[in-house]
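Participant: Can you keep this structure in mind? I'll have questions shortly.
The values are calculated or read from the model by the stated rules, or taken from the named source; none is laboratory data. Since the model is a prediction, treat every value here as computed from it, not as a measurement. Neighbour counts run over all protein chains shown; Cβ positions are idealised from the backbone, glycine included. The accessibility values were calculated without ligands, DNA or RNA, using every heavy atom of the protein model including side chains. Shrake-Rupley method; radii C 1.70, N 1.55, O 1.52, S 1.80 Å.
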Amino acid sequence: MDVEKRHGLLHIFFFPFMAEGHSIPLIDTAKLFASRGLKVSIITTPVNAPLLSKSIERNRLLGHKIDVLVIQFPCVEAGLPEGCERLDLTTSPEMGLNFFMATTLLAHPLEDLLKEYRPNCLIADSFFPWSSQVASKFGIPRIVFAATCFFSLCAAQCLRLYQPYKRVSSDSDPFIIPNFPGEIKLTRNQLPDFVKEEIVFSNFYREVKEAELKSFGVLVNSFYELEPTYADYYRNVLGAKTWHIGPISLWNTNIEDKAKRGKESSMDKNKCLQWLDSKEPNSVVYICFGSLANFPASQLLEIAMALEDSGQQFIWAVRENKNNEVWLPEGFEERMKGKGLIIRGWAPQVLILEHEAVGGFVTHCGWNSTLEAISAGVPMVTWPLYAEQFYNEKLVTQVLRIGVAVGVQQWARIVGDSVKKEAIKKAMTHLMASEETKEMRCRAKSLAEMASKATEEGGGLEKNRVMHFKGTLRVDAAAEIQERRNTAPKWLFFLLISCTAHKSHGSYGRKTN
Ligand SMILES: O=c1ccn([C@@H]2O[C@H](COP(=O)(O)OP(=O)(O)O[C@H]3O[C@H](CO)[C@@H](O)[C@H](O)[C@H]3O)[C@@H](O)[C@H]2O)c(=O)[nH]1
């Protein structure tokens, strides 16, 4: 029996945080839920609405019940310029802070929407901690969407609990994350400022954690087999109620769906893919630092020189339009013709990573990029910058052993130019052409197979996953019922099982094109 028949037409609200690294995977999740016959509404703001509408166009044509609800973003009230409705549009840490302040003002419009539509459930980004309280006013369960992995969720929580960084004598002294599986070492330099100092963001992250504990549970964009130790640790030791739903990008099987994740691609996807078609398998390195990083021209120059010196074939996505600054050596593009492709702006990342010609990825370790590379079986050069990226790097290099660290030691809100061409060239060569290359590729390919099985029907791993999944839900259900007596909406357990474990033959599933 499908979910709709069993429960009537369930209406789920999705509320993505306005940054591509958060909204892309949550919109994918919303599309997945809609493809399972649920009514889905995605909340967004005027500047973000057109792109979002485009990305769900195909689902609507397929008859999925999915729509967009637009609320105003309080730019002016928060001291932001008109139209600054996405994190990548901020240009300084101060503006970034104002942006976060602005999102807290969205509680009122959210309340109005909940009052008007009375959905059955709200799935909101972890960066909207206040949304738990708003939902509870209407007796609606809020599920948190965590845009990172179990490993980093656990690492962040252990650092908060045990504060090992307070017991080292210098910023560069390594410490082991206490009570954390795997003897993972970090330095104070590699920690986010809001962890090691008491700043405005420290309070924000405490609120995020508290709201998570009070919520109905957490959806994590990961798959169990990738990080079983940490998935279990987060649930069993740190006491979180979680469901893994990833790799969410793999639910897109149609080429148009893959191309329309996030912004419009700055280069025609066919041009990009044809260029890759002309290359040997595993012969191209892809370089991209996510949706937010903005390197100074001096750092871009170092990357360009490393690429040229290494003789490596490449696709390089460069975010900012640096027209007024020199960020390429003279004659670079002429010399690199046929050898390298520069995409100025947004790249069709998943399509590039999935192409067999791509054998390596230089990444900032944003979780989406990391998981997309894992899903495509592509090993990485890790170049973390900020957020939780230094934790993700450890997962990639030490736990999964499918990455080579470029050697960054300093977490920084403003990205600098500390990595010299020699280090970039060395890491890239190690990744693409060393004794270890074959082993890393082998490990990466086997993780990609597991990722694929995690989102496929049938197969041994699928069974394990479903069993594990159900086991988790049973534990949660018991605890929940004890905690809240009769208030726990049981349909939600079925909903989550149906949406994330049992595959239907919907047109958004992995089985259909
Ligand atoms: O040219 C581009 C650039 C990015 N992407 C996509 O944009 C997303 C970027 O996400 P991510 O790799 O996670 O990087 P950020 O945009 O930097 O994401 C922020 O949000 C993530 C989720 O919380 C965190 O893991 C990161 O540390 C944080 O910086 C991915 O899906 C990419 O495929 C493209 O498709 N084309």
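Participant: At 1.4 Å probe radius, can you tell me the per residue accessible area of the chain in Å²?
Facilitator: 40 Å²
Participant: Rounded, prolate or oblate: which one fits the chain, using the alpha carbon gyration tensor with axes a ≥ b ≥ c (rounded when a/c is under 1.5, else prolate when a/b beats b/c, else oblate)?
Facilitator: The shape class here is rounded.
Participant: Can you compute the helix-only [θ] at 222 nm over the chain? Use -39500 (n - 2.57) per DSSP H run of at least 4 residues, normalise by all residues, nearest 500 deg cm²/dmol.
Facilitator: Counting only the DSSP helices, I get -13000 deg cm²/dmol.
Participant: Of the peptides 112-124, 373-385, how do they stack up when ordered by the mean number of other Cβ atoms within 10 Å, highest first?
Facilitator: Sorting 112-124, 373-385 by mean packing, highest first, produces 373-385, 112-124.
Participant: At a 1.4 Å probe radius, which order do Phe127, Phe151 fall into by accessible area, largest first?
Facilitator: Descending order: Phe127, Phe151.
Participant: With everything on Cα atoms, drop me the angle between helix 49-61 and the longest principal axis of the chain, reported from 0 to 90° to the nearest 10.
Facilitator: 70 degrees
Participant: With a 1.4 Å probe and all protein chains left in place, how much of the accessible area of region 227-271 comes from carbon and sulfur atoms, in whole percent?
Facilitator: Working: 730 of 1560 Å².
Ligands and nucleic acids excluded, carbon and sulfur give 47 percent.
Participant: Summarise the accessible area of region 32-80 (1.4 Å probe, protein heavy atoms) by the percent that is carbon and sulfur.
Facilitator: 57 percent
Participant: May I ask what percent, to the nearest 5, of DSSP beta bridges between residues of region 101-229 are antiparallel? Don't skip to the answer; put the middle values down first.
Facilitator: On the way: 2 of 10 bridges.
Bridges in region 101-229 are about 20 percent antiparallel.
Participant: Taking loop as defined by DSSP and a crowding limit of 15 other beta carbons within 10 Å, which chymotrypsin sites (Phe, Trp or Tyr not before Pro) in region 278-368 fit?
Facilitator: Hits after loop and neighbour filter: nothing returned.
Participant: If you take every DSSP beta bridge fully contained in the chain, what fraction is antiparallel? Give it as a percent rounded to 5. Provide the component values of the computation, followed by the final result.
Facilitator: Working: 2 of 46 bridges.
Counting only bridges with both partners in the chain, antiparallel ones make up about 5 percent.
Participant: Taking all protein chains together and a probe of 1.4 Å, list Lys279, Lys271, Lys339 from the most accessible to the least accessible.
Facilitator: Result of the area sort, largest leading: Lys271, Lys339, Lys279.
Participant: Modelling each spin label as a point 7 Å along the Cα-to-Cβ direction, I'd like the Glu264/Glu325 distance in nm, to one decimal.
Facilitator: Going by the 7 Å Cα→Cβ label model, 2.6 nm.
Participant: Here's something else I'd like to know. With every protein chain left in place and a probe of 1.4 Å, what is the accessible surface of Arg401, to the nearest 10 Å²?
Facilitator: Number for this one is 120 Å².
Participant: Once amide H atoms are placed 1.01 Å from N in the peptide plane, what residues at a sequence separation of 5 or more from Leu341, or on another chain, have their amide H within under 5 Å of its amide H?
Facilitator: Phe314, Ile315, Trp316
Participant: Placing +1 at every Lys and Arg Cβ and -1 at every Asp and Glu Cβ, with all other atoms neutral, what dipole size does the chain have around its Cα centre, in debye to the nearest 20?
Facilitator: My answer is approximately 1520 debye.
Participant: Can you pull out the GluC sites (Glu not before Pro) in region 166-214 that DSSP calls coil and that have at most 13 other Cβ atoms within 10 Å?
Facilitator: Glu183, Glu197, Glu198
Participant: Would you list which aspartates and glutamates come within 17 Å of Lys185, measuring only between C-alpha atoms, while excluding same-chain residues fewer than 8 positions from it?
Facilitator: Straight-line reach from Lys185, under 17 Å: Asp171, Asp173, Glu388, Glu393.
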